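None of the figures in this text is laboratory data; all of them are computed from the coordinates on show. This one's a predicted model, so the numbers in the text were calculated from it and none came from an experiment. Using ideal geometry, Cβ is built from the backbone for each residue, glycine included, and neighbour counts are taken over all protein chains shown.
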Amino acid sequence: MIKCPTCGTEYVAGTMFCENCGTYLVGQGEGGDVSPNPSVSFSGSNLATPAAVAAPTDTPESGQPLPANIDKETPSGTLPLPASIQVPSGPARARRLRLLILNTGRLSNWLPDGEVLIGRTDRANGIFPQVDLDPEGGYEAGVSRKHALITRQDEVFYIKDLGSVNGSFLNKQRLAPETPQPLKDGDELRLGNIVMKVVLESN
């Protein structure tokens, strides 16, 4: 039997708490002494800091050299990317580009190198876009005479809105005027109410 040192109530050996006063009885021996509970201090002296952590050495305490596959130069805060995370690739490179006009199903010729104007013909003012959307009803569809411009730089094609009245949209996102955006195969391009699909031919 063990006796509670606080109230004197007796219990079977192995009882953890006194039901009468709540005293902790673990460690209580037959002689009535309770082993004091170890105190844990969380003062700053007990907390490890980065400065207190020893840097790895070539030879640990065992006297054996570190394995060759341990990189001692790798910063402790740097972790490799998980295999599931894909690093975004750069803009799509292509040799040629043409447009499939979804309103009518017309597929343009491969566009020439250099700047390619998309819009509507205006003979009186000498405007002759390489991609003329008049056959698709460009005027009624809200296409400007000089609506957008396609350029090619370092094998990457870019689309730029020329400040059109009804705007240019790439994959349903309106383009800021005079701000080129890269094109990739399958992109949806909408000028006014004319919708086109970008077709790229890779190198």
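Peptides 149-160, 115-126 ordered by packing proxy, namely the average of other Cβ atoms within 10 Å per residue, highest first: 149-160, 115-126. For Lys172, the lysines whose Cα falls under 16 Å of its own Cα, not counting residues fewer than eight places away in the same chain, are Lys160, Lys184, Lys197. Remark: the Lys184-Phe169 segment gains 4.0 nm on full extension, using 0.36 nm per residue and subtracting the alpha carbon distance.
All other residues whose Cβ lies under 12 angstrom from that of Leu97 are scored, Lys and Arg at +1 and Asp and Glu at -1, for a net of +2.
Taking label points 7 Å from Cα along the Cα-to-Cβ direction, Cys7 and Asn193 give a separation of 8.8 nm. Charge tally for Lys172 (other residues, Cβ to Cβ under 9 Å; Lys, Arg +1; Asp, Glu -1): +1.
Just report the Cα centroid separation between the stretch 91-137 and the stretch 160-184, whole Å. Taking the Cα centre of the stretch 160-184 as reference, the centre of the stretch 91-137 is 15 Å away. Once backbone amide H atoms are built at 1.01 Å from N, Ile127 has Asp122 as its partners under 5 Å, excluding neighbours fewer than 5 places away on the same chain.
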